[in-house]
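What follows is calculated from the coordinates using simple rules that are stated; it is not laboratory data. These numbers come from a predicted model, not from an experiment. Backbone-built Cβ (ideal geometry, glycine too); neighbour counts: all protein chains shown.
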């Protein structure tokens, strides 16, 4: 369903030949997005932005490392790139970001001030206050003493986050469920960039992902991420989810977009926003409250969303160009289930094992996107890190998607690996805990 907020004067450009995409990323994200866009008729290449997960993207197309190509801008003309697809928002801090922006090659990500809605957590709080969107009580503290004074004035459990969102932040999300939990962690965290304290509102979390383009807001899916490391939603909040669900939802049946994204239309217009926009929210006393906004389709949900679309390449390119969109969903893919096979020691990243043999028992019957996997000197596949693969299944109904994903992940064996066996058994439908 499209919600119009801006009349575009730019004439929509049609595809001429095969569109060419440059993915900025590594691992299963780059592997899945590249292969999906390739299957949708695009030409793909990956610029490797981190020091791991280099092998999987090479299964879909050519890859380029920072060592061999310090500036991905060199690839734009050489490969006729028509669209850049970033994995995270960190690309804008790279030395080559200015050149990429000046090139005017369309980017599947908002830029400039529009990025602040994810980059700066307190900006999201302020923009919600401006447009009367419910948001938990939240505070910024620059040091421990200031944080402890806030807790003394407002004695309640807080989720502790870094004020600036980044994979390399000194503080990763710490979910505290009591005042005592919060007090204990405030003695421990790294205050290099301060802390963002956001009131804990409970576990009834869900998300919704839209595309903003051509003057309209297009709802795509409602999603759920299983962020804790172990079954029963136990353990720490992992660096990336251990699983997730998506439901095709262009009608926004749960009201997340209507309540938490559509009111932002004046701001979206003001900053010329076009790109993905995801809201994660908590249902509290019958009302959705924003937890955070993200300007990406997500590492967990993105591969499922693009596989659900019959015209994925056209939609990604059109969004990057800020054109009017006509997303076309596959009739046989109403639900998706994603499972992560975690490697030795995960989620405790300081615990590392050797490169371990990877055994596969029979052919897969759904998508398997490899993450920290490499070939050893003998050409055999080995697990080389903490997250081995994401197994993703789509189906007309949720139970079939879940069953298909589990039947496939069981075919992969690596010593010390594990996966959650309860995805879909809690937290769904949206608003449940």
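The alpha carbons of segment 335-413 give a radius of gyration and a Dmax of 13.5, 43 Å, in that order. Size of segment 301-433 from its Cα atoms: along the principal axes, largest to smallest, the extents are 49, 35, 31 Å. Calculate for the chain the 222 nm mean residue ellipticity that helices alone would give, adding -39,500 (n - 2.57) per DSSP H run of length 4 or more and normalising by residue count, nearest 500 deg cm²/dmol. Mean residue ellipticity at 222 nm (helix-derived): -6000 deg cm²/dmol. Using the Cα coordinates of segment 228-308, the gyration tensor eigenvalues translate into equivalent-ellipsoid semi-axes of 24, 17, 13 Å, sorted from longest to shortest. The mean sequence separation of alpha-carbon pairs under 8 Å and at least six residues apart, normalised by the residue count of the chain, gives a relative contact order of 17 percent. Direction-averaged projected area, Cα convex hull, segment 296-353: 5.8 nm², rounded to one decimal. For the pair residue 97 and residue 58, label points projected 7 Å from Cα toward Cβ lie 2.9 nm apart. Springs join every pair of Cα atoms under 10 Å in this Gaussian network model of the chain, and among 59, 309, 394 the largest mean-square fluctuation is at 59. The value obtained for segment 137-199, namely the Cα convex hull volume divided by the number of residues, is 65 Å³ per residue.
The slack between residue 269 and residue 104, meaning 0.36 nm per residue of separation minus the straight C-alpha distance, is 57.4 nm.
Both radii come from the Cα set of the chain: Rg as radius of gyration, Rh as Kirkwood radius; their ratio Rg/Rh reads 0.94.
Fewest-first ordering of 367, 397 by other beta carbons within 10 Å of each residue's beta carbon gives 397, 367. Can you tell me which of 363, 19, 327 moves the most in a GNM of the chain? Springs connect C-alpha atoms under 10 Å apart. Of the options given, 363 has the highest mean-square fluctuation. Legend: calculated FRET efficiency, residue 433 to residue 178, from the Cβ-Cβ distance at R0 = 25 Å, rounded to 0.05, equals 0.90.
Would you please calculate the Kirkwood hydrodynamic radius of segment 204-255 over all C-alpha pairs and express it in Å, rounded to one decimal? Hydrodynamic radius (Kirkwood, Cα pairs) of segment 204-255 is 12.4 Å. Specify the residue with the greatest mean-square fluctuation among 43, 77, 272, computed from a Gaussian network of the chain linking alpha-carbon atoms under 10 Å apart. Greatest mean-square fluctuation among the candidates belongs to 77. Beyond 24 Å, what percent of the Cα pairs of segment 60-202 remain? Tail fraction, whole percent: 46. Computing FRET efficiency as 1/(1 + (r/R0)^6) for residue 411 and residue 67, where r is the C-beta to C-beta distance and R0 is 51 Å, gives about 0.90. Pairwise inverse Cα distances across segment 17-107, averaged and inverted, put the Kirkwood hydrodynamic radius at 12.8 Å.
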